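Asks: One structure, as structure tokens, below. Some questions next.
The values are calculated or read from the model by the stated rules, or taken from the named source; none is laboratory data. None of these values were measured; they are calculated from a predicted model. Every residue, glycine among them, receives a Cβ derived from its backbone with ideal geometry; neighbour counts consider all protein chains shown. Surface areas here come from the heavy atoms of the whole protein model, side chains and all, with no ligands, DNA or RNA. Shrake-Rupley method; radii C 1.70, N 1.55, O 1.52, S 1.80 Å.
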Amino acid sequence: MTQKKPVKKVILALAVVGAVVFAGAYGYAVAPTETRKIEPGPLLSAMATGTTPDAGLIEKGRYVATASDCIACHTAPGGKEFAGGRVIQSPIGNMYSTNITPDKATGIGNYSLDDFDRAIRHGIVPSGGTLYPAMPFPSYAKMSDDDLRALYAYFMHSVKPEAQENRAADITWPLSMRWPLGIWRKTFVPVTGPMDLTKYADQRIARGAYLVQSLGHCGTCHTPRAATLNELALDDSGPEFLAGGPLIDGWLAVNLRGDKVDGLGNWSEKDIVDTLKTGRNAHSGVLGEPMQDVVVHSMQHMQDSDLQAMAAYLKTLPETGAKKSSFAASEATVQKIMAGNDSERGVQLYLDNCAACHRVDGKASGNVFPALPGNPTVLQEDPTSLIRVVLAGARLPSTKEAPSDLGMPGFAWRLNDEETAQLTTFVRNAWGNKAAAVEAGDVAEVRKALKDHEIHKVDEGNTKH
């Protein structure tokens, strides 16, 4: 009996310490966050009297919303604009975008300018809670006051109110508790003011930096994340910024820095502008629905000068220098095939399934099909996107200047895991490409993910990724 007393005291002490730590964490999480309150300015002040703001301000807000690609996440396929309901997959479960129309019952119709500012730039809802960081408020935190005011005027006076209830996230307890998000936000996204553009001597580079880092929130997808799901860098002061992100709906967010192998090092500014505007350029094309949405809903509608500014800024980012793949153009593959040396299984599979469009030299036909030699997606250290496009196919987005939605069929019905691995390994090591081999197990994982994705699309019939 006497031996049990010390044990009980230890347990009690641990319980007290745990309670104190929990109380401290909870108190820190829910403590109010002070943010800088912005004034409405002369063009918004008229709203207080019920007068519609200046038409120019509303049009500017529409452009800010377009550059920020609000519609892509906040509109479900086939749904009403900005009424929410689109599924957003995450490592902890599925979330659903919210209604951001000015409906007073189910949307943001009762938001003051300050409420709107705190939600957009700080991730704080009027009740004091924190938004899931699927909402890219770490990037929007850099938005200028003028753009924020214009965006508010646009949503309150140009977007049609839609009565549509928000859907709760499919996240299981305890991860469904929202209060820990306050700790995450305060730790990784401290309150800051609008982006300081004076560090950039060139005004065009400054404009591009603002569009990439803030409105375009490119880092949300294209920057790697820590185990705590925060972006490893929020701007170009960190070498991880835009160095390639995680899988987004099954597609790898590629490196946008100056790496020549798997980044934009071999791309011209025109290549970048063409890709943002049309979804393709002379040698490459947009791969996967997430980036297609960006092109279709946002980038193709932006001013050429802004796209050129974004391209110019991206070309200033140095390479990471930490890549394992390489490329040095070589005719050896073509010479071997033309000499009749096609004994390798990977070569046979390529000739049977791919060469008709991509040709023996892998260079395809300009803007019609992407070239494979030196292709960043082909040379990614993680081959998931390449495997996925072989299994499931892909389609280029239809845009105003490039309306043909050219597509590639999937070969999952025809190629087994080992054959797919042999084919993709060949592509990753032909024409001067040099990248790690793909294993059958890698293919099996992607194939399973695709099947799970199809089941999910059936369950969530009104959504598309």
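Asks: Got at least one residue in segment 344-351 being crowded, with 18+ Cβ neighbours inside 10 Å, of a type in the set (A, V, I, L, M) and closer than 30 Å to residue 418 by Cβ?
Replies: Among the residues of segment 344-351, at least one is crowded, with 18+ Cβ neighbours inside 10 Å, of a type in the set (A, V, I, L, M) and closer than 30 Å to residue 418 by Cβ, which makes the answer yes.
Asks: Out of curiosity, is residue 124 open to solvent by 40 Å² or more (accessible area, probe 1.4 Å), out of contact with any Phe, Trp or Tyr (no Cβ under 8 Å at 6 or more places or on another chain) and among the hydrophobic types (A, V, I, L, M, F, W, C)?
Replies: no
Asks: Note down all Cβ pairs under 6 Å where the first residue falls in segment 22-44 and is at positive phi, the second is in a helix (DSSP H, G or I) and open to solvent by 100 Å² or more (accessible area, probe 1.4 Å), and they're at least six residues apart or on different chains.
Replies: Note: no pairs meet the criteria.
Asks: Name the single residue that is least open to solvent (accessible area, probe 1.4 Å) among those in segment 206-226 being touching a Pro at 6+ places or on another chain (Cβ under 9 Å) and within 16 Å of residue 320 (Cα to Cα).
Replies: Here the answer is 219.
Asks: Name the pairs whose Cβ atoms lie under 9 Å apart, with the first residue in segment 339-363 and of a type outside the set (A, V, I, L, M) and part of a loop (DSSP other than H, G, I, E, B), the second modelled with pLDDT of 90 or more and open to solvent by 70 Å² or more (accessible area, probe 1.4 Å), and 6 or more positions between them or separate chains?
Replies: From residues that are of a type outside the set (A, V, I, L, M) and part of a loop (DSSP other than H, G, I, E, B), the pairs are 341/335; 361/331.
Asks: Do we have residue 28 as open to solvent by 40 Å² or more (accessible area, probe 1.4 Å) and assigned to a helix (DSSP H, G or I) here? Step through it out loud before you land on a result.
Replies: Values: open to solvent by 40 Å² or more (accessible area, probe 1.4 Å): yes; assigned to a helix (DSSP H, G or I): yes.
Considered against the rule, which asks whether it is open to solvent by 40 Å² or more (accessible area, probe 1.4 Å) and assigned to a helix (DSSP H, G or I), residue 28 comes out as yes.
Asks: Can you name the helices (runs of 4 or more DSSP H) wholly within segment 261-315 that have at least 2 residues being open to solvent by 50 Å² or more (accessible area, probe 1.4 Å) and modelled with pLDDT of 95 or more?
Replies: Of the helices (runs of 4 or more DSSP H) lying wholly inside segment 261-315, those with at least 2 residues that are open to solvent by 50 Å² or more (accessible area, probe 1.4 Å) and modelled with pLDDT of 95 or more span 269-278, 304-314.
Asks: Still on this structure: Name the residues in segment 415-451 that are part of a loop (DSSP other than H, G, I, E, B) and farther than 20 Å from residue 359 by Cα, would you?
Replies: 416, 435, 436, 437, 438, 439
Asks: Related question: Counting only residues that are without any contact (Cβ under 8 Å) to a residue 60 or more places away in the chain and not in a helix (DSSP H, G or I), how many does segment 59-89 have?
Replies: 2
Asks: Please work out if residue 76 is under 18 Å from the mean Cα position of the chain (by Cα) and not acidic (Asp, Glu). Spell out the reasoning first.
Replies: Values: under 18 Å from the mean Cα position of the chain (by Cα): yes; not acidic (Asp, Glu): yes.
Taking the combined requirement at face value, the residue satisfies it.
Asks: Looking at 91, 102, 174, 161 in this structure, which one is in contact with a helix residue (DSSP H, G or I) (Cβ under 7 Å, 6 or more places away or on another chain), more than 21 Å from residue 194 (Cα to Cα) and of a type outside the set (Phe, Trp, Tyr)?
Replies: Selected residue: 102, the only one of 91, 102, 174, 161 that is in contact with a helix residue (DSSP H, G or I) (Cβ under 7 Å, 6 or more places away or on another chain), more than 21 Å from residue 194 (Cα to Cα) and of a type outside the set (Phe, Trp, Tyr).
Asks: Tell me, yes or no, whether segment 154-174 has at least one residue that is in contact with an Asp or Glu (Cβ under 6 Å, 6 or more places away or on another chain), among the aliphatic types (A, V, I, L, M) and at negative phi.
Replies: Checked against the condition, which is being in contact with an Asp or Glu (Cβ under 6 Å, 6 or more places away or on another chain), among the aliphatic types (A, V, I, L, M) and at negative phi, segment 154-174 yields at least one hit.
Asks: Is it true that residue 150 is touching an Asp or Glu at 6+ places or on another chain (Cβ under 8 Å), touching a residue at least 60 places away in the same chain (Cβ under 8 Å) and closer than 27 Å to residue 63 by Cα?
Replies: no
Asks: Kindly list the number of the only condition in (1) in a helix (DSSP H, G or I); (2) touching a Gly at 6+ places or on another chain (Cβ under 8 Å) that fails for residue 102.
Replies: Of the numbered conditions (1) in a helix (DSSP H, G or I); (2) touching a Gly at 6+ places or on another chain (Cβ under 8 Å), the odd one out for residue 102 is (1).
Asks: If you check 415, 391, 406, 396, which single one turns out to be under 30 Å from residue 302 (Cα atoms) and either modelled with pLDDT of 90 or more or buried (at least 20 other Cβ atoms within 10 Å of the Cβ) (or both)?
Replies: Sole residue among the options that is under 30 Å from residue 302 (Cα atoms) and either modelled with pLDDT of 90 or more or buried (at least 20 other Cβ atoms within 10 Å of the Cβ) (or both): 396.
Asks: Please state which one of 197, 229 is among the aliphatic types (A, V, I, L, M), open to solvent by 50 Å² or more (accessible area, probe 1.4 Å) and in contact with a helix residue (DSSP H, G or I) (Cβ under 7 Å, 6 or more places away or on another chain).
Replies: Among 197, 229, only 197 is among the aliphatic types (A, V, I, L, M), open to solvent by 50 Å² or more (accessible area, probe 1.4 Å) and in contact with a helix residue (DSSP H, G or I) (Cβ under 7 Å, 6 or more places away or on another chain).
Asks: Tell me whether segment 28-43 contains one or more residues that are in contact with a Phe, Trp or Tyr (Cβ under 9 Å, 6 or more places away or on another chain) and within 30 Å of residue 309 (Cα to Cα).
Replies: For segment 28-43, residues in contact with a Phe, Trp or Tyr (Cβ under 9 Å, 6 or more places away or on another chain) and within 30 Å of residue 309 (Cα to Cα): present.
Asks: Tell me, which helices (runs of 4 or more DSSP H) wholly within segment 168-253 include 3 or more residues that are small (Gly, Ala, Ser) and closer than 30 Å to residue 277 by Cβ?
Replies: Ranges flagged: 203-210.
Asks: Taking the options 56, 93, name whichever one is free of Cβ contacts under 8 Å to residues at least 24 places away in the same chain and of a type outside the set (Ser, Thr, Tyr).
Replies: Going through 56, 93 in turn, the sole match is 56.
Asks: Would you please name the residue that is farthest from residue 196 (Cα to Cα), looking only at residues in segment 247-259 that are at pLDDT 90 or above and open to solvent by 20 Å² or more (accessible area, probe 1.4 Å)? So that I can check it myself, show each step before the final result.
Replies: Restricting attention to segment 247-259, the residues satisfying the condition of being at pLDDT 90 or above are 251-259.
Right, trim to open to solvent by 20 Å² or more (accessible area, probe 1.4 Å) and you get 252, 254, 256, 258.
Numbers: 252: 30, 254: 27, 256: 22, 258: 24 Å.
Among them, the one singled out is 252.
Asks: For segment 310-354, give me each residue that is under 23 Å from the mean Cα position of the chain (by Cα) and of a type outside the set (Gly, Ala, Ser).
Replies: Within segment 310-354, 310, 313, 314, 315, 316, 317, 318, 319, 320, 323 qualify.
Asks: Can you find a residue in segment 218-229 that is under 26 Å from residue 92 (Cα atoms), modelled with pLDDT under 95 and of a type in the set (Gly, Ala, Ser)?
Replies: Looking for residues that are under 26 Å from residue 92 (Cα atoms), modelled with pLDDT under 95 and of a type in the set (Gly, Ala, Ser), one finds at least one in segment 218-229, hence yes.
Asks: Let me ask you something else. Can you pull out every residue in segment 139-185 that is open to solvent by 30 Å² or more (accessible area, probe 1.4 Å), of a type in the set (Lys, Arg) and under 30 Å from residue 43 (Cα atoms)?
Replies: Selection gives 149, 160.
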